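Structure first, then comments.
Any read-out appearing in this document is the output of simple, stated calculations on the displayed coordinates, not a laboratory observation. Given the structure is predicted, the values throughout are model-derived calculations rather than measurements. We place every Cβ from the backbone using ideal geometry, glycine too, and count neighbours over all the protein chains shown.
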Amino acid sequence: MSTESFTKNRTDNRIKEPKQYNVIMLNDDFTTMEFVVRVLMDIFHKDEFTATNLMMTVHKQGQATVAKYPYDIAVTKVNSALSLAKKEGYPFRMKVEEA
């Protein structure tokens, strides 16, 4: 009888979670509150109550974190919002920062 030796190879199959980035909305004196609420609902998928509260936080405090995503998603959503604002003539501003 022959004896075979088997060696188990350990592989590290842990999936590394991507870094998260905050999407920060900045206040300005020209972009309408209605537009900001619409952006929060349409692009960031917030319900009307949450969108209105976030808009008021931005209005009163000058800025607010409105979402947290991996970098690519955060940048895509910010670009969509800024593109819509530009199309409608608003000087709307947002930024992405590492969480």
* **Pick from the range 12-60, criterion under 14 Å from the mean Cα position of the chain (by Cα) and β-branched (Val, Ile, Thr), ranking: nearest to Ala85 (Cα to Cα)** => Val39
* Please enumerate the residues belonging to the range 61-95 that are basic (Lys, Arg) and surrounded by 12 or more Cβ atoms within 10 Å (Cβ to Cβ). => Lys68, Lys77, Arg93, Lys95
* Asked: Hey, among the residues in the range 61-78 that are assigned to a helix (DSSP H, G or I) and not small (Gly, Ala, Ser), which one's nearest to Gln20 (Cα to Cα)?
  -> Tyr71
* **When residues of the range 16-37 are limited to those that are closer than 13 Å to Tyr90 by Cα, free of Cβ contacts under 8 Å to residues at least 60 places away in the same chain and of a type outside the set (A, V, I, L, M, F, W, C), the one surrounded by the most Cβ atoms within 10 Å (Cβ to Cβ)** => Asn27
* Answer with yes or no whether Glu98 is loosely packed, with under 13 Cβ neighbours inside 10 Å and closer than 27 Å to Glu17 by Cβ. => yes
* **Sole exception among (1) buried (at least 16 other Cβ atoms within 10 Å of the Cβ); (2) part of a loop (DSSP other than H, G, I, E, B); (3) of a type in the set (A, V, I, L, M) for Val58, by number** => (2)
* Asked: When residues of the range 80-95 are filtered for being small (Gly, Ala, Ser) and more than 25 Å from Lys19 (Cβ to Cβ), how many remain?
  -> 2
* Structure fact -> Listed by first then second residue, the pairs whose first member lies in the range 79-96 and is on the phi < 0 side of the Ramachandran plot, whose partner is crowded, with 16+ Cβ neighbours inside 10 Å and among the hydroxyl-bearing types (Ser, Thr, Tyr), with beta carbons under 6 Å and at least 6 positions apart or on separate chains, are Tyr90/Thr31; Phe92/Thr31; Val96/Tyr21
* Asked: Among (1) over 22 Å from Glu97 (Cα atoms); (2) part of a helix (DSSP H, G or I), where does Val37 come up short?
  -> (1)
